[in-house]
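Step one of this worksheet: look at the structure below.
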Amino acid sequence: MKLFRLLFKPDLATPVLALMFASAVCAVLVATRLIMDGNLRYAFLGWNLFLAWLPLIFALLLCDQHVQGGRRRWRLAGWGVTWLLFFPNAPYIFTDLTHLTNRYFPHYWTDMLMILSCALTGLMLGFVSLYIVQSVVANRYGRVMGWLFTMGVAGLSGVGVFIGRFLRFNTWDVLWRPMSLFQRAGGWVADPFGDARPYVFSTLFAVFLFIAYLMFYSLTKLPPSERIAGAKQ
């Protein structure tokens, strides 16, 4: 009930409903494709889209904790860390386009549009959650710190997406396989010039995220359509 209340607060109801609608359309597209194909080739899209919703849920819980105030800052920090761990799952779906490069098949373009629909929905889910968390950081520490935080999140997300796509670790492995994760990632530190791919991919993906979020953020500052059209009040 509390989560339902947070999701449908007056200020968030419209974007949340739009994201729910987009997610439902993606689910129908994936289900239709699975039926057409007769196997579970693209079932992972449904799971990845579910994971993309988690950052928004954690961001709302963090914001709610912030609004409530109190002395239990460890709860606020806990929700913040949890959000940060799961945030890369939202833009990660864009890397699922790699499944189209293995070979050519008859439904290439329809599959590409299906994956892009899921990826765009996931990206918007992540951006709404980032907007909420950035607002909390800015409220507590100032606007400059809010933007520095956003840039840091973009950078860490680039690394997280690389770990997920190329090293094949996921968020749960931070708890279930921490040693394996740190050993693989530690190779970058031990031999930073041995392979440039991790740094190039992580940097480019971080730049992509930040630029895309900057455009998303600018849209939130648009005046109402009535004012743009010059309608009389």
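Residue count for the range 136-151, restricted to those that are of a type in the set (Ser, Thr, Tyr) and free of Cβ contacts under 8 Å to residues at least 40 places away in the same chain: 1. Out of the residues in the range 16-44 that are within 22 Å of the chain's Cα centre (by Cα) and either of a type in the set (Ser, Thr, Tyr) or part of a loop (DSSP other than H, G, I, E, B) (or both), state the one that is farthest from PRO55 (Cα to Cα). That would be TYR42. Just one residue in the set ILE115, ILE93 is in contact with an Asp or Glu (Cβ under 6 Å, 6 or more places away or on another chain), surrounded by 19 or more Cβ atoms within 10 Å (Cβ to Cβ) and within 26 Å of ILE211 (Cβ to Cβ); that residue is ILE115.
Considering the range 87-195, the qualifying helices (runs of 4 or more DSSP H), each wholly inside and each with 1 or more residues that are more than 30 Å from ARG33 (Cα to Cα) and modelled with pLDDT under 95, run over 108-141, 143-165, 173-176, 178-190. Return a yes/no flag: does the range 62-80 have any residue that is out of contact with any Pro (no Cβ under 7 Å at 6 or more places or on another chain) and under 20 Å from PHE162 (Cα atoms). Scanning the range 62-80, I find no residue that is out of contact with any Pro (no Cβ under 7 Å at 6 or more places or on another chain) and under 20 Å from PHE162 (Cα atoms), so the answer is no. Residue count for the range 3-15 satisfying the condition of being part of a helix (DSSP H, G or I) and either in contact (Cβ under 8 Å) with a residue 12 or more places away in the chain or among the acidic types (Asp, Glu) (or both): 4. Within the range 1-37, can you find the residues that are loosely packed, with under 13 Cβ neighbours inside 10 Å, aliphatic (A, V, I, L, M) and modelled with pLDDT of 85 or more? Passing the criteria: ALA13, LEU17, ALA24, VAL28, ILE35, MET36. Residues that are farther than 13 Å from GLN134 by Cα and surrounded by 18 or more Cβ atoms within 10 Å (Cβ to Cβ) were ranked within the range 65-83; the one that is modelled with the lowest pLDDT is LEU76.
The values are calculated or read from the model by the stated rules, or taken from the named source; none is laboratory data. On a predicted model such as this, the values are computed, not experimentally measured, just so you know. Because the Cβ atoms are built from the backbone with ideal geometry, glycine has one as well, and the counts that use them run over all protein chains shown.
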